[in-house]
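Engineer: Have a look at the structure that comes next, please.
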Amino acid sequence: MLIKHAIVYFLSLVLFIPVLSMADESVEKTRGHILKVDGDVEIINAQGESRKADDSRLIIREMDTIVTRKGGKAVVQFTDGALSVLNEKSSLRVEKTSWISHLGGKIYFTFRKVFGEPRKVKSKFATIGIRGTTFIINDDEGGSSVSLQEGLLDKESPGEAYEIHKQKVVDEFEAFKQKARDKQVALQGEYKDYKKQTMEEFVEYKKSFTLESNRVIKFDGNRVDETEMGANVKAEFDDFETIAGDMLIEFRQQSKDNHER
C-alpha cells in the first residue's frame, strides 16, 4: 500500500513540474498589456496566428506584432518601463526584453528612466538607444522621421554612415531682432545677411549620432535632415497624449515615484 502511494505521489510530481515550467515560461514571455483599443486592432504571434485586440488588459508576449488597421488606435504599456500609442495603419513587433521593432506607421513612445539593460527601438532606418525619453517615429507614404520631445536619443545607422544636414541654431536670433526694433535702426540688408548666416547648413558624416530634445530628423536613404521642431509636430504629440489620457498621467506618476525612490 505504501509503495502504491509512493508511486502515485512520484507520478503527480513528474506531471506537475512541466506545468510549473510552462507557467514560468509564459510569465517570462509576457512583455506588456494593451491598455486601450479604438477601432480595428489585431495581435499576430510568432506563428502567424492572429487575434483581435477587442479588450483592454490583453497580454502582449515576446514576438507578438501589434497591428492597427485604418481608423484603429492602441495604447500599450510594456513591462520594462515604456508606453506606446499606435496611430492607424501602424505596426510594431515586441522582441525580447528591452527591444521593440517599429515596422511602419506613426507610433508615440515614452520611456521612463531605469537602470539595467539598455533599451532600444529598431526601425528600418535606425537603431535607437533610449535614455528615458519621449519621441515619435513615423514611416509612411509621407516619409520617414523621428521627432524628439524630451531627453536624448542615440541613433545608429543599420548600414553606411549617415550624411547629416543640420541647420545651426542661434538662440540670440530673436534678441537681435528686438534690439534692432528698439533702436529703430534700418537694418534690412544687415538683417538678411545675419539671417542667412545663422541658418547656414552644414554637413557631417557619422555612423551614429545623438539627437537632442525639440529636434526632428527626416530620413531619405542615408541622408538625414535635422531641424527644430515646429508647431505641427508639437500638435502630433498633443494628439497622441490625448489618446492615452489618464493612462499616460498614471504612467508618468509611476515614473516619478520610481525615480524618487
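Please treat every number below as a calculation from the coordinates, not as lab data. Please read these numbers as outputs of a predicted model, since none were measured by experiment. Ideal geometry is used to build each Cβ from the backbone, glycine not excepted, and the neighbour counts take in all protein chains shown.
Engineer: Based on the Cβ-Cβ distance of Arg223 and Asp154, what FRET efficiency does E = 1/(1 + (r/R0)^6) give at R0 = 25 Å, to the nearest 0.05?
Structural biologist: After rounding to 0.05, the efficiency reads 0.85.
Engineer: Next up: Hey, rough spin-label estimate for Ile249 and Lys89, points 7 angstrom out along Cα→Cβ, what's it come to in nanometres?
Structural biologist: Result: 3.3 nm between the two label points.
Engineer: Run through segment 36-100 and list the GluC sites (Glu not before Pro) located in a DSSP loop whose Cβ has at most 12 other Cβ atoms within 10 Å. Don't skip to the answer; put the middle values down first.
Structural biologist: Values: sites: Glu42, Glu49, Glu62, Glu88, Glu95; in loops: Glu49, Glu62, Glu88, Glu95.
Qualifying residues, ordered by number: Glu49.
Engineer: Here's another thing I want to ask about it. Would you grab the residues whose amide H sits under 5 Å from the one on Ser144? Only those 5+ places off in sequence or on another chain, please, with H modelled 1.01 Å from N.
Structural biologist: The list, which skips near neighbours in sequence, is Phe219.
Engineer: Choose one of Ile44, Met63, Gly81: the residue whose Cα lies farthest towards the positive end of the charge dipole of segment 21-115 (beta-carbon charges +1 Lys, Arg; -1 Asp, Glu; about the Cα centre).
Structural biologist: Value computed over the given set: Gly81.
Engineer: Of Lys73/Lys207; Lys166/Lys234; Lys73/Lys120; Lys52/Lys207, which sit over 29 Å apart, Cα to Cα?
Structural biologist: Correct reply: Lys73/Lys207; Lys52/Lys207.
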